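One structure is given here, and the rest of the page talks about it.
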Amino acid sequence: MKNAKNILLVGLLGLMTSACEPEKQVVEKTYRPVQYTKVVPTGGLIKQTFSGVTEAGLDAQLSFRVNGTIAKRLVKLGEKVNPGQVLAELDATDYRVALQQAKASLQQAQANQRNQKTNYERVIELYENNNASKSDLDAARAGAESAEAAVAVSRKQLESAELQLTYTQIKSPEACSIAAVLADTNETVAAGQGVLRINCGRCIKVKVSIPEQFIRLIKTGSSVQVAPSARPDNVYPATVSEVGVAAASGGTFSVEVLLQGECPEMRTGMTANVQFDFSKQLTAGSQIFVPYLSVGEDEKGHFVFALVAVNQDVYRAEKRRVTIGEPAQNGLQIIKGVEEGDLIATAGVRRLLDGMEVKLLDKPILSNI
C-alpha cells in the first residue's frame with residue numbers, strides 16, 4: 001500500500017513538472033512567390049507594328065518671293081490643280097513700273113555706249129594722224145569701256161525686274177490638291193509668308209517613330225505593310241523611303257514609308273499602323289525568346305534567375321549569366337545561358353537573390369505548359 005502511494009506521488013509530481021515547462025512553438029518557413037515561364041524554342045515573332053501619321057508625298061507651303069498685296073486667288077480649298085497652273089497673283093503694278101524703268105535705263109546705256117564707241121573710233125583716227133594726244137586716246141577708250149559696262153549692268157537690272165514680275169505669281173510645281181488657304185485676296189503679305197498649302201503626289205507616306213532597339217534593323221527600300229487605324233483589314237504594300245540617323249525626343253528615330261499603288265481612302269493626317277518584318281535580319285530557325293522583365297542587368301552584364309526544384313513545392317533561384325540577341329514582339333532573344341525546359345523567373349528579378357528559395361505561382365506566364 002505504501003509503494004502504491006509513492007508511485008502515485010511520483011506521477012503527480014511528474015505531471016506538475018511537465019505542466020510548468022514552456023510549450024515549444026513551431027515556426028513555419030515562408031517562401032517568396034514568383035511568376036515564372038518555361039523556356040521553349042520558337043521561330044520568334046519578329047514582326048513589329050508601330051503607329052504613325054499619314055502625310056502627302058509632297059506637303060509644301062507656297063509663298064510669294066516678293067512683298068505685295070494679293071490681287072487674285074485663283075483656286076479653292078480642295079481643288080485639284082495641274083503642273084504650272086497659276087494659283088495666286090499679287091498686285092504687280094509697282095513691278096511693271098520697275099520693269100519699264102529698267103528697260104528705259106538699258107536703252108539709255110546702249111545709246112551712250114554707241115556715242116562713246118563712235119568717239120573712241122574718231123580719237124583713234126586723230127591719234128594716228130598725230131592730231132590727238134595719248135591722254136585723249138586713253139580717255140576715249142575709258143569712256144567706251146565704261147559705257148559697255150553700264151550696258152551690262154542695265155541688262156542685269158532688266159533681268160532682275162523681269163524676275164521680280166514673275167515672282168508676283170504662285171504656280172503649282174506639279175499635280176496637287178489645295179490643302180489650306182493661309183492668306184486671301186487684298187491681304188498684304190511679305191516675301192516667304194505662307195499663302196497656300198498643297199498636297200502633291202499620287203501616294204501617301206506614313207511617318208513613324210521607331211525605338212532605338214529596332215532602328216538598326218530598318219533599311220531603305222525594305223517592304224512593309226500599312227493599314228489605316230480606322231480600317232485595319234485594308235492592308236497596303238509600302239516601302240521604306242527614309243530612315244532617320246539622329247534620335248528625336250524620347251530616344252526614337254523618324255522613319256518614312258511610301259505607299260505603293262493607289263490608296264484612295266488614305267488622306268493626310270490619318271493614323272495608320274506600319275508592320276515591319278525583321279525575319280531577314282535575324283537568324284533563321286528555332287530561337288529562344290524570354291519576356292523582357294525576366295532579364296536583369298548589372299555591372300557584369302545580363303542575367304536571369306533559373307528556378308531549380310529543391311522538392312515538390314520549393315525551388316531555388318540561381319543567377320545565370322546570359323548573352324542576349326535581337327528584340328522581338330514576344331520578348332528578348334537569348335543566345336546563350338538558358339536551355340529548353342528551364343524555368344525562369346519573369347517578374348521581380350531585382351528582388352531575388354542567388355540561392356533564395358521560392359515557391360511558384362500557380363499559373364506560368366507566356367508559356368505553353
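Couple of notes before you dig in:
- Residue check for LYS72: of a type in the set (D, E, K, R), at pLDDT 90 or above and in the same structural domain as ASN186 (by TED's automatic domain parsing): yes
- Residue pairs whose Cβ atoms lie under 7 Å apart, separated by 6 or more positions or on different chains, with the first residue in the stretch 232-256 and at negative phi and the second part of a loop (DSSP other than H, G, I, E, B) and among the hydrophobic types (A, V, I, L, M, F, W, C), are TYR236/CYS263; VAL240/ILE218; VAL243/ILE218; PHE253/ALA247; SER254/ALA248; VAL255/ILE218.
- In summary, GLY301 fulfils each of the numbered conditions (1) in the same structural domain as GLY355 (by TED's automatic domain parsing); (2) on the phi < 0 side of the Ramachandran plot with the single exception of condition (2).
- Filtering the stretch 76-91 for residues that are part of a helix (DSSP H, G or I) and either surrounded by fewer than 17 Cβ atoms within 10 Å (Cβ to Cβ) or aromatic (Phe, Trp, Tyr) (or both) leaves an empty set.
- Only a single item in (1) in contact with a Ser or Thr (Cβ under 9 Å, 6 or more places away or on another chain); (2) within 30 Å of ILE324 (Cβ to Cβ); (3) not aliphatic (A, V, I, L, M) is not met by GLY251, and it is number (1).
- Among the residues of the stretch 147-163, those identified as over 9 Å from ALA109 (Cα atoms) and not hydrophobic (A, V, I, L, M, F, W, C) are ARG155, LYS156, GLN157, GLU159, SER160, GLU162.
- Residue in the stretch 256-271 that is modelled with pLDDT of 80 or more, surrounded by fewer than 18 Cβ atoms within 10 Å (Cβ to Cβ) and of a type in the set (Lys, Arg) present: no
- Residues of the stretch 340-359 that are modelled with pLDDT of 85 or more and outside any loop (DSSP other than H, G, I, E, B): LEU343, ILE344, ALA345, GLU357, VAL358, LYS359.
The values are calculated or read from the model by the stated rules, or taken from the named source; none is laboratory data. In this text the structure is predicted, and so the values were computed from the model without any measurement. Neighbour counts run over all protein chains shown; Cβ positions are idealised from the backbone, glycine included.
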